[in-house]
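Q: Attaching a single structure in structure tokens format; questions to follow.
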Amino acid sequence: DAVVEEFDGYRQIWRKRGVMPMLRALMSARKIAENLLATAGGERRLTDILHISELLQEAGTQLESEHALVRWLSQHILEPDSNASSQQMRLESDKHLVQIVTIHKSKGLEYPLVWLPFITNFRVQDQAFYHDRHSFEAVLDLNAAPESVDLAEVERLAEDLRLLYVALTRSVWHCSLGVAPLVRRRGDK
């Protein structure tokens, strides 16, 4: 009975959120990823399962029912379309490929090589949103008084400098910066 209830729960997830969240819940509860990765060739099999779950999720958005999705899967197993780019075999791991990440997501991580091609780019602070220097409360000056905009600009610059520090300290061997005067759409540099 417990197993039937468990799989009924998976069906409810499938109906409410889609096939991919259901498969992820199943894989998590049954520790499928951990078990596969502990075996020879497990990374390849896990990559294939995750790829199939993505294809099922995409197809599920275009089909009218769970039964139609099962038929779709059966059809593609019997007659695979080797020309479809979505059905091409994926690499088992992308850990040795180029990774493009935001500075925020790179915090605490290291990369052998880091390129920062647009590090001199910034957004001009046009809203008077800042933190009061005494109470540390957030302030939004709807009148956009010049001193409020200046305080907001100082905060933006401080945050940009913190992010620059994070970006510059991510590389193990090499870090390249793209430094150039950037022209804004309005014509200001």
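The values are calculated or read from the model by the stated rules, or taken from the named source; none is laboratory data. Predicted model, so just to flag it, every value in this text is computed and none were measured. All Cβ positions, even for glycine, are placed from backbone atoms using ideal geometry, and neighbour counts span all protein chains on display.
Q: Do we have Val3 as surrounded by fewer than 17 Cβ atoms within 10 Å (Cβ to Cβ) and β-branched (Val, Ile, Thr) here?
A: Answer is yes for this residue.
Q: If you don't mind, another one. Which count do you get for residues in the stretch 39-77 that are small (Gly, Ala, Ser) and surrounded by 15 or more Cβ atoms within 10 Å (Cβ to Cβ)?
A: Number of matching residues: 4.
Q: Condition first: among the hydroxyl-bearing types (Ser, Thr, Tyr) and at pLDDT below 85. Now tell me which residues in the stretch 112-158 satisfy that.
A: Thr120
Q: Could we say that Ala33 is surrounded by fewer than 15 Cβ atoms within 10 Å (Cβ to Cβ) and out of contact with any Ser or Thr (no Cβ under 9 Å at 6 or more places or on another chain) here?
A: So Ala33 does not fit the description; no.
Q: What pairs come up if the first residue lies in the stretch 101-123 and is assigned by TED's automatic domain parsing to the domain that holds Ala152, the second is among the acidic types (Asp, Glu), and their beta carbons are under 6 Å apart, counting only those six or more places apart or on different chains?
A: Phe122/Asp160
Q: Quick check, is Tyr130 hydroxyl-bearing (Ser, Thr, Tyr), assigned by TED's automatic domain parsing to the domain that holds Val114 and surrounded by 13 or more Cβ atoms within 10 Å (Cβ to Cβ)?
A: Working: hydroxyl-bearing (Ser, Thr, Tyr): yes; assigned by TED's automatic domain parsing to the domain that holds Val114: yes; surrounded by 13 or more Cβ atoms within 10 Å (Cβ to Cβ): yes.
Here the answer is yes, as Tyr130 does meet what is asked.
Q: Name the residues in the stretch 133-158 that are loosely packed, with under 15 Cβ neighbours inside 10 Å and within 22 Å of Ala180 (Cβ to Cβ), would you?
A: Of everything in the stretch 133-158, just one residue is loosely packed, with under 15 Cβ neighbours inside 10 Å and within 22 Å of Ala180 (Cβ to Cβ), namely Leu157.
Q: So, in the stretch 49-100, of the ones that are of a type in the set (Ser, Thr, Tyr) and out of contact with any Asp or Glu (no Cβ under 7 Å at 6 or more places or on another chain), which residue ends up modelled with the lowest pLDDT?
A: Ser86
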